Amino acid sequence: MRTEQARPVRLENYRPPDWLVETVELDVSLHPSQTKVRAILKMSPNPKADALAPIVLDGDGLTLTSLKLDGSEMHPEAYVATPDRLTIAQPPAGTCYLQIETLVDPSANSQLMGLYRSCGTYCTQCESEGFRRITYFPDRPDVMASYTTRIEADKSEAAVLLSNGNLVDAGDVSGTTRHFAVWQDPFLKPSYLFALVGGNLACVEDAFVTMSGRKVTLRIYVEPGKEDRCGWAMDSLKRSMRWDEEAFGREYDLDIFMIVAVSDFNMGAMENKGLNVFNDKLVLASPDSATDTDYASIEAVIAHEYFHNWTGNRITCRDWFQLCLKEGLTVFRDQEFTSDQRSRSVKRITDVRGLRASQFVEDAGPLAHPVRPSAYNEISNFYTATVYEKGAEVVRMLKALLGPGGFRKGLDLYFERHDGEAATVDQFVKCFADANSTDLTQFMLWYSQAGTPEVAVNGTYDEKTQTYRLELAQAVPPTPGQPVKEPMVIPLAVGLVGSDGRDMSLSLEDGRPVVRGVLTLSQPKQTFEFTGVQQRPVLSINRGFSAPVKIASNVSAEDYKFLAAHDSDQFNRWEAVQSLAKALLMENVAAIRASGTPREDEGLIAALSAALADTTLEPAFVALVLTMPSEADLAREIGRDVDPDAIASARDKLRGTIGKRLGPALRETYRAMQNDGPYSPDAASAGRRALKNVSLDLLATAGASAIALAARQYHQATNMTDRMAALSTLSSYAVPERQAAIDDFYRRYSGNPLIIDKWLSLQAAIPEAGTLERVRVLTKHPAFSLSNPNRVRALIGGLAQMNQTQFNRPDGAGYEFVADTVLELDTKNPQVAARMTTAFRSWRSLESVRRTRAEAALRRIAGAPNLSRDLRDIVDRSLDGG
Ligand SMILES: [Zn+2]
């Protein structure tokens, strides 16, 4: 029986821990099925809490083998131990030493939380509540302790033994085939940052000299034979370390920094102090195995986990409600890093596309929740786009409101004030308020109110008075548990663009300055009047996507065409084209559903043609301009009675029109972007490949000659980016070249599971009726395994999350297949099962046939016996909220 803590867990019920842990001495004797863990905890009553409180430690599926208090075996009546809790009702009055021995089975751990084995390597994942699967502990982030970890293992099974901190001792266990290593972490940390690794791993070593001149050893551990694919990760790590010194004055603090790549991992990567554990797909890269997108992800995630050393580890979260404190801030930091390393505007556009496709969709459905949730049943389900990506947008808005200097002052104060602490979002924001002598009370609504704010914009020009009047009105739609919302603080970067394409100077009627071109909307309705405007301007608003809101404005199609060509803000040049495309697609979806004829839009074609012809633009930017809004984004815009087939059809027709109308220019671009030199993953080279491959994909809509071109590119490609792009283009067409290439791809790469993931997801995303059967067959393929999260995400996620038409088949077979799969998966890995099920989150917005079938599948999952808490939570909220 689980002895459940009260659910849901509520922020308002937070209490400081009754007992603190000063030091943790762990002794872990690794064994495939019977690992012995001895933990000695130096505990003392929290002076801020009840003096007489019992000691209550968390566990999860633990077997206690021995318990000593201050050196003596405890009487069995003096404590209660269940698999999920250890309670000592009458502890001593002061500091005591608790010695706990548990037995764990790493081989049987298919949840991949706590201590488990991945391809023979022992590793741990403790965020958020995995440490309690290793030993009994107050497993909450506000209990920060210093750890010493001794690991012992058979030399043949685990030649490498790693934990957090610095290595202080190692040697053989005399008279046995075993050896040991002792690691000491001088920094206080919460249990979720604990890590341990043991295995026969190869290592790539490098070094970094910090800004104060300390030499840090850098090591990346991988399975033997994969060392030659670590170069990019190591290079990214060194650049991250330098950047954090230069951009934020943050220096690394231990003598060694280690990364371990493992094959079985629930998330992307984990920032354990000094010992990051990574999903191997975010470490390993070579030109013939990784695409440009893979290279960019590796660079960003290596940076992200490294940056956590300050934002997350040195200053951690008081409780899991504050998850965005470390994640939103660290995503913001890794986005800034990428912007500085690559192209700022391209990065911004890419991030906003991602935000709209995932976070805006989440915010519009039953799983919507605030950036800082106020209650949870299962915290694993809150590692969401809202916490991460919207959390980063909120930090970005602080910068927009306070300016770069004011923002830096606030962040410096945060590091100075809270280093070594477990902090809250309130404390974080207060640092910005204090450092800038400003009031951010209303701004805090960004953390507590869910939903995407909608801003209605109406601009009018009065030639007589030479004034431009901007009327703004905001509203935040209702979300589960939050029917009524307060007005938010919304920083809107604006420009008034003159007929010469230049920005006019902005002066407000009442003489207030427009600092850095940012207007702050904080009332339900506000009017700004600009004076001295000598000609009718074109409004460019929410430049750089300064606020994560939806804008509905009276900017005309003519004006969008103008902005697409002239806006000094690159983001809004892209946004102008998207706005034209979105308007056209929405209209055409309606026309297709009414058996009418889709329209063509000369303005859009002209804007795309101009972008293709403009050689001053970065190729990566042009590639994004040529990429039409995603099906998921259009579905969210439509909002109700959604027909995914009509959306796909409208989008295909538009792409076909572009391919036909711009054929010669696309062909010329395809040719011009070729590069016969050796592959380089740098941003400029990647941008040229992106534009080349977007051109190919649009050309293929127009017929056979481009299909042949794609087949040729597939077979002649000298890098994975070009090969994969060609295969992806071919996969959309039922031509003989398609299956030939798919079969060839498997023959080439069957030995590399990470590449085979691409093969699985590509087939799952084919938008045609045979795909579901194809996926069914692939679940029986030897390359697929329900035990490996990467394989599941590739194949099942490829269908459920990437294939709008085939997951949402009108006959409901897509829903039934995914329901069957998650029910089977739930018995092995509840976290991944719950994650897959979020694919249903937009079910209420579907047209009635699909809506009924999606609901039936959800209800079938809900009615199954013995659901995990993870899956139960997602299914219930999907059915309830809304
Ligand atoms: Zn993170």
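List of remarks:
- Positive-pole candidate from SER731, PRO678, ILE647, dipole of region 602-761, charges at beta carbon: PRO678
- Region 664-803 shape via C-alpha gyration tensor axes, a/c threshold 1.5: prolate
- Close amide H pairs (under 5 Å, H built 1.01 Å from N) link HIS31 with LYS36, residues at least 5 positions away or on another chain.
- Summed side-chain charge close to ASP744 - residues other than ASP744 whose Cβ falls under 14 Å, Lys, Arg +1, Asp, Glu -1: +4
- Net +/- balance of residues flanking ALA108 in space, Cβ distance below 15 Å, scoring K and R +1, D and E -1: 0
- Only Lys, Arg, Asp and Glu carry charge here, each on its Cβ (+1 for the first two, -1 for the last two); on that basis region 497-574 has a dipole of about 240 debye about its Cα centre.
- Angle of helix 425-436 to the longest C-alpha principal axis of the chain, folded into 0 to 90 degrees and rounded to 10: 60°.
- Spin-label pair ALA557/MET74, simplified geometry with 7 Å Cα→Cβ offset, distance in nm: 7.4 nm
- In straight-distance terms, cross-link reach from LYS582 covers every one of the lysines whose alpha-carbon lies under 17 Å from its own, apart from those fewer than eight places away in the same chain; here that gives LYS550, LYS561, LYS653.
- Vicinal HN-Hα couplings computed from phi for region 615-623 (Karplus, 6.51 cos²θ - 1.76 cosθ + 1.60; Hz; Gly/Pro x): 6, 7, 7, 5, x, 4, 5, 4, 4
- Cα shape, region 412-503, gyration tensor, a/c 1.5 rule: oblate
- For LEU20, nonlocal amide neighbours, meaning residues 5 or more places apart or on other chains whose placed amide H falls under 5 Å from its own, are SER44, ASN46.
- Magnitude of the charge dipole for the chain, about its Cα centre and with charges confined to Cβ atoms of Lys, Arg (+1) and Asp, Glu (-1), is about 1340 debye.
- 222 nm mean residue ellipticity, helices alone, for the chain (DSSP H n ≥ 4; -39,500 (n - 2.57); rounded to 500): -12500 deg cm²/dmol
- Spatial separation of Cα centroids for region 757-792 and region 404-444, in angstrom: 47 Å
- The equivalent ellipsoid of region 207-252 has semi-axes of 24, 11, 6 Å, largest first, where each one is the square root of 5 times an eigenvalue of the Cα gyration tensor.
- Our summary gives the chain a relative contact order of 8 percent, counting only alpha carbon pairs under 8 angstrom and 6 or more residues apart.
- Positive dipole terminus of the chain, leading residue within TYR388, MET802, LEU521 (C-beta point charges): MET802
- Region 135-169 and region 616-651: distance between their alpha carbon centers, rounded to Å: 48 Å
- Candidates ALA195, SER128, LEU626 compared by Cα position along the dipole of the chain: farthest toward the positive end lies LEU626, with charges placed on Cβ.
- Couplings for region 438-453, taken from phi via the Karplus curve 6.51 cos²θ - 1.76 cosθ + 1.60 with θ = phi - 60°, read 9, 9, 10, 4, 5, 4, 4, 4, 4, 8, 10, 9, 7, x, 8, x Hz in order; Gly and Pro are left as x.
- Per-residue ³J(HN,Hα) for region 23-40, Karplus 6.51 cos²θ - 1.76 cosθ + 1.60, θ = phi - 60°, Hz, x for Gly and Pro: 10, 10, 10, 9, 10, 10, 9, 6, 8, x, 10, 9, 7, 9, 10, 10, 10, 10
- When all alpha carbon pairs of region 645-707 are counted in 5 Å bins from zero, the resulting P(r) reads 4, 19, 23, 20, 15, 11, 6, 2, 0 %.
- Angle of helix 753-764 to the longest C-alpha principal axis of the chain, folded into 0 to 90 degrees and rounded to 10: 50°.
- Put a plus charge on the Cβ of each Lys and Arg, a minus charge on the Cβ of each Asp and Glu, and nothing anywhere else: the dipole of region 203-293 about its Cα centre is then about 180 debye.
- Highest average packing first - 821-827, 701-707, Cβ atoms within 10 Å: 821-827, 701-707
- Taking the average, over residues, of other Cβ atoms within 10 Å as the packing measure, peptides 426-435, 676-685 rank 426-435, 676-685 from highest down.
- Of the GluC sites (Glu not before Pro) found in region 366-462, the ones in coil according to DSSP and having at most 16 other Cβ atoms within 10 Å of their Cβ are GLU421.
- Share of alpha-carbon pairs per 10 Å distance bin for the chain, given as whole %: 2, 12, 21, 25, 21, 12, 5, 2, 0, 0
- The chain: angle of helix 683-700 to the longest principal axis, Cα-based, in degrees nearest 10: 60 degrees
- For the chain, share of DSSP beta bridges that run antiparallel, in % to the nearest 5: 80 percent
- Taking a ≥ b ≥ c as the square roots of the Cα gyration tensor eigenvalues, region 278-425 comes out rounded, since a/c falls below 1.5.
- Share of pairwise Cα separations in region 609-672, more than 17 Å, in percent: 50 percent
- Taking amide hydrogens as placed 1.01 Å from N in the peptide plane, the amide H of SER289 sits under 5 Å from those of MET720, each at least 5 positions away in sequence or on another chain.
- Net charge, GLY403 excluded, C-beta distance under 12 Å - Lys, Arg +1, Asp, Glu -1: +4
- The convex hull defined by the C-alpha atoms of region 714-869 has an orientation-averaged projected area of 9.5 nm².
Every read-out reported here was derived from the displayed coordinates using simple, explicitly stated rules and does not represent laboratory data. Predicted model, so just to flag it, every value in this text is computed and none were measured. Quick reminder, even Gly has a Cβ in these numbers, built from the backbone with ideal geometry, and neighbours come from all protein chains shown.
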